[in-house]
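Comments concern the structure below.
Just so it is clear, none of the values below were taken in a lab; they were calculated from the coordinates. As the structure is a prediction and not an experimental result, all values here were calculated from the model. FYI the Cβ positions are ideal-geometry reconstructions off the backbone, even for glycines, and counts take in every protein chain you see.
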Amino acid sequence: MSAPPLLMIPGPIEISDAVYDATCIRPKSHVAPDVIEAFGSALEAMRGIWLASADSTPFAVPGGGTLAMESAATNLVEAGERAVIVNTGYFGDRMGMMLERRGATVVHVRADVGEVPSLEAIEAALAEAPTKAIFATYVDTSTGVATNPKAIAALANKHGALSCFDGVCATAAERFEMEAWGADVFLTGSQKAIGLPAGIALWVCSPRAMAAREALSAAPPLTMDWLQWAPIMNAYIERRASYFSTPPTTLVWALAVGLKEILDRGADAAEAMEIRFAAHERAANAMRAAWASLGLTLLPTSTDHTAVTLSAIWYPEGVDASMLPKVKAAGAIIAGGLHPECKTKYFRVGHMGEVVYRPDDLLRTVRAVATGLAQSGHDADVDAAVAAAKAVLEA
Ligand SMILES: *Cc1c(COP(=O)(O)O)cnc(C)c1O
């Protein structure tokens with residue numbers, strides 16, 4: 001009678017029943033009329049979810065978040081150009097490696113674990129020398145730290161730089177207004193906050209980002225080249241099939257269902273996204289109330305820069321990663337640490353996507369974590385933790 005444990009890591013995550021059903025189909029052709037319709041509608045839905053302009057270009061390409069990152073690194077910047085990275089952890093380091101391979105001059109603006117670089121430090125790096133693009137991770141999945149993309153995009157615009165945001169652990173959960181904020185690229189992978197199985201890299205480019213690609217003197221690798229993929233995306237948006245490399249048709253089918261589900265919650269995209277952002281915020285507040293009642297401390301040093309999509313939590317005194325299987329046995333799969341400086345000292349709980357609409361799943365997760373802590377010797381009042389989260393969800 002016991003249900004399988006919930007998948008509460010920071011991606012892949014639990015998916016909706018409709019998305020699950022959509023993945024259980026016989027393989028379809030990439031030129032089938034219903035796939036053309038699904039692909040076109042999914043790309044249009046991306047513009048809505050990204051709150052992007054009608055002349056932006058959405059991309060849905062086989063691959064992961066890492067591929068989306070490298071496509072941005074190689075299409076925006078080339079050898080000899082300067083790039084600034086707002087580095088809040090593991091994925092900022094990875095973006096730096098990609099840009100260095102491209103031959104760019106990379107400047108990291110770093111902060112200690114759990115902190116964010118100040119806007120003053122970011123602006124100083126931009127002001128120091130002409131910069132082609134600034135790259136920031138919205139939510140660093142290794143620490144649960146969230147940067148301020150609105151302010152970073154504004155600084156980029158002020159200093160004539162393009163702005164690119166890694167939204168792999170943020171898109172469709174943390175507020176992002178691509179057009180209003182003047183951001184140039186916002187990228188993600190299908191298995192994180194947007195709530196699909198792994199396998200599709202997703203990003204939207206501003207017209208300025210596309211123009212930057214066109215102006216490059218050295219083209220990116222063919223499979224990552226926006227100029228190879230954009231005509232394919234535009235064809236599907238016009239409800240025509242076109243071929244560069246076979247799209248993952250089963251995932252595209254599920255993508256159309258999942259994105260429609262997000263948008264159907266509101267009368268229009270703006271309202272649907274407000275509903276979605278608010279649901280994530282409420283879920284995050286509920287989880288934080290539970291962690292506080294358990295006497296736990298988060299890695300992010302201030303709620304001003306704490307992600308709503310996951311909690312990164314220091315193990316309390318005397319507890320270590322041997323707690324994780326206990327939590328699983330109690331009903332939720334959670335993750336260990338990832339940041340190289342301290343990965344054995346903390347654990348992570350995802351709370352993004354469909355589960356934010358399922359209070360029972362959130363409470364089951366709290367119960368599982370609290371039970372694992374209690375079984376590991378921490379003085380944890382399991383019922384009080386569940387009650388603390390429940391009070392927020394029912395407020
Ligand atoms: C997971 C993640 C990535 C990498 O995505 P993959 O799909 O694993 O390649 C990049 N950036 C962030 C912020 C992530 O959370």
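Tabulated data
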| read-out | value |
| --- | --- |
| Distance between segment 303-321 and segment 22-51 - C-alpha centres, whole angstrom | 36 |
| Among I25, V116, G48 - extreme Cα towards positive end, dipole of segment 25-129, charges at beta-carbon | I25 |
| Stokes-Einstein D (µm²/s) once Rh is taken as the Kirkwood radius of segment 230-318 over alpha-carbon pairs, at 4 °C in 1.567 mPa s | 77 |
| Segment 189-216 versus segment 53-86: alpha-carbon centroid distance in Å | 7 |
| Degrees separating the helix 269-293 axis from the principal Cα axis of the chain, which is the longest one | 30 |
| Degrees between helix 226-237 axis and first principal axis of the chain (Cα, 0 to 90, nearest 10) | 80 |
| The chain: most fluctuating residue of R26, R364, R94 per GNM, C-alpha cutoff 10 Å | R26 |
| Stokes-Einstein translational diffusion, segment 73-113 - Kirkwood Rh over all Cα pairs, 1.567 mPa s, 4 °C, in µm²/s | 128 |
| Most mobile listed residue (T23, T306, T246) in the chain, GNM with C-alpha springs under 10 Å | T246 |
| Prolate/oblate/rounded call for segment 252-292, Cα gyration tensor, a/c under 1.5 rounded | oblate |
| Distance in nm between pseudo-label sites at D21 and D34 (7 Å out along the Cβ direction from Cα) | 1.3 |
| The chain shape via C-alpha gyration tensor axes, a/c threshold 1.5 | oblate |
| Cβ-placed point charges (K, R +1; D, E -1), dipole of the chain about Cα centre in debye, nearest 20 | 600 |
| Crossing angle, helix 149-158 versus the chain [Cα axis fit, 0-90 degrees, rounded to tens] | 30 |
| Candidates S242, S190, S322: whichever shows maximal mean-square fluctuation once the chain is modelled as a Gaussian network with Cα springs under 10 Å | S322 |
